[in-house]
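Each remark here refers to the structure printed beneath this line.
The values are calculated or read from the model by the stated rules, or taken from the named source; none is laboratory data. None of the values given here were measured: they were computed from a predicted structure. Just so you know, the surface numbers come from the protein's heavy atoms only, side chains and all, with ligands and any DNA or RNA stripped out. Shrake-Rupley method; radii C 1.70, N 1.55, O 1.52, S 1.80 Å.
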Amino acid sequence: MRKGLKARHLTMLSLGGVIGAGLFVGSSATIHGTGPLAFVTYGLTGLIVLLVMRMLGEMAAARPSTGSFTDYARMAWGPWAGFSTGWLYWYFWVIVVGFEAVAGGQIIHDWVPVVPIWAIAFGLMILMTLVNLLSVGAFGEAEYWLASIKVAAIIAFIAVSTLFVFGLWPGASMDFSNLAGHGGLFPQGVASLFVGVVVVIFSMVGVEVVTVAAAESEEPVRAIRKAVNSVVFRILFFFVITTFLIVVIVPWNTVVPGKSPFVAALDRIGIPGSGNLLNLVILTAVLSVLNSGLYTASRLLFVMGDRGDAPAWMSATNKRGVPVKGILSCTVVGYGCVVLAAAWPDTVFLFLINASGAVFLFVYFMICGSELRLRRVWERDCPEVLQFRMWLYPVLPVLVTATIVAVLVSMGLRPGHRIELLQGLMVWGVLTLVYLFTRRSRRGGRAVSATAEPADHVVADRVTP
């Protein structure tokens with residue numbers, strides 16, 4: 001594929017990748033369930049994401065690959081790990097693409113009620129498909145401007161809210177009473193700060209996409225290092241600070257789950273038309289996720305086709321270096337999700353959405369396990385490839401892995417999330433059966449896929465420059 005992504009594309013992709021409806025609307029559920037210290041929950045979750053990204057960044061800097069963590073899982077644990085991780089992540093993104101298309105359709109339908117939601121969703125899918133089919137540069141340019149709008153909106157919100165909180169806004173006075181004036185700092189109990197991690201972690205999905213995109217840039221190692229190092233800034237700025245400002249401006253117990261707390265805060269400040277303004281920003285966020293989701297899913301198909309985990313024609317590209325068939329295959333699933341959302345919103349489509357939640361945590365678990373194994377092998381056999389190291393190895397990687405397992409266990413213990421875990425395990429189980437059934441046909445894959453050599457020797461061979 002072509003090296004068509006510029007540094008500014010990757011920078012904005014890494015900055016805007018985590019800003020979506022999960023922040024603008026989903027934060028309402030976190031604030032409602034946690035209380036005024038919801039920003040602490042975002043900080044704790046951000047720390048987990050930061051450490052996972054650092055581990056992924058270490059592997060991606062050592063060996064940039066469009067397959068990213070799917071290739072690292074294959075190197076560390078063999079072909080089943082690469083196969084299942086790749087298809088799990090692909091499943092997550094194609095379902096998200098369909099979900100976001102429907103969400104965008106609902107937003108525009110509120111403005112133009114005569115057009116049905118499914119028709120608008122199809123139109124948004126077609127638009128983003130055309131962008132991805134042009135070239136990787138077109139994808140990068142579209143993502144740059146869509147993400148710029150999201151980032152600008154957050155910066156504007158923080159600027160206005162800060163002036164209001166510190167009494168510098170017309171008619172405002174400095175007042176932090178909402179933090180402890182409605183049941184104290186821990187109205188839902190201290191444990192709620194940690195239980196909220198289960199919900200919050202899904203709103204931070206997208207930070208890892210830059211390690212996939214970096215393979216199509218001219219300086220992948222530099223791009224990965226810059227993106228990973230900026231995770232702290234992104235999470236602190238976009239999640240922690242904005243949530244803190246919201247709970248200072250608006251009493252936490254007045255926040256309604258499913259309704260944007262950003263609108264409530266802007267209404268309290270006195271910004272006219274805040275609802276329509278925010279819907280416009282959310283629409284750009286939806287288009288951004290559609291754009292990056294199609295890109296990520298198609299590149300995974302490209303790699304899996306090359307490795308023998310998907311049909312070989314998935315890895316074919318046109319003269320512009322675009323995997324056209326892979327992109328179109330992903331859109332077919334997206335169109336199918338739109339149809340399912342219209343026909344069976346509370347059954348089949350709900351199952352797909354619920355299952356995708358736990359699937360993302362499974363991918364994080366595989367990233368951690370891969371780094372723990374590959375770091376040991378690389379330090380022994382080719383330490384020169386470790387240009388960007390994870391901190392305090394192996395203590396921190398082990399702690400992060402244990403934390404992710406704890407989050408999964410907590411999902412199983414909480415009735416509201418148990419179904420997501422079970423459905424996610426069902427998807428993983430189906431993929432494992434597919435792998436076992438088709439294993440023989442994939443034995444002729446590339447060197448990075450299955451071999452009969454001992455795992456340590458295979459890893460050492462694969463990473464030696």
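Of note:
- Spherically averaged projected area in nm², based on the convex hull that wraps the Cα atoms of the range 92-198: 11.3
- Annotation: residue 418 carries an accessible surface of approximately 90 Å², with a 1.4 Å probe and no ligand, DNA or RNA atoms counted.
- By the helix-only formula, in which each DSSP H run with n ≥ 4 contributes -39500 (n - 2.57) and the sum is divided by residues, the chain has a 222 nm mean residue ellipticity of -23000 deg cm²/dmol.
- Atom-type composition of the exposed protein surface of the chain places 69 percent of the accessible area on carbon and sulfur (1.4 angstrom probe).
- Ligands, DNA and RNA aside, residue 244 has an accessible area near 60 Å² when probed at 1.4 Å.
- For the range 300-371, the calculated P(r) over all alpha carbon pairs, in 5 Å bins from 0 to the bin holding the longest distance, is 3, 14, 14, 15, 19, 19, 11, 4, 0 percent.
- Stokes-Einstein D for the range 273-318, Kirkwood Rh over Cα pairs, 4 °C, 1.567 mPa s (µm²/s): 104
- Cα-based convex hull, the range 347-410, per residue volume (Å³, whole number): 95
- The range 405-424-the range 35-74 distance, computed between alpha-carbon centres (Å): 21
- Average Cα contact separation per residue, the chain, under 8 Å, 6 or more apart, as relative contact order %: 33
- Calculated on the alpha-carbon coordinates, the convex hull of the chain measures out at 139 cubic angstrom per residue.
- A 1.4 Å probe run over the chain, with the rest of the protein chains in place, finds 39 Å² accessible per residue.
- With the whole protein complex present, residue 226 retains an accessible surface near 110 Å², based on a 1.4 Å probe.
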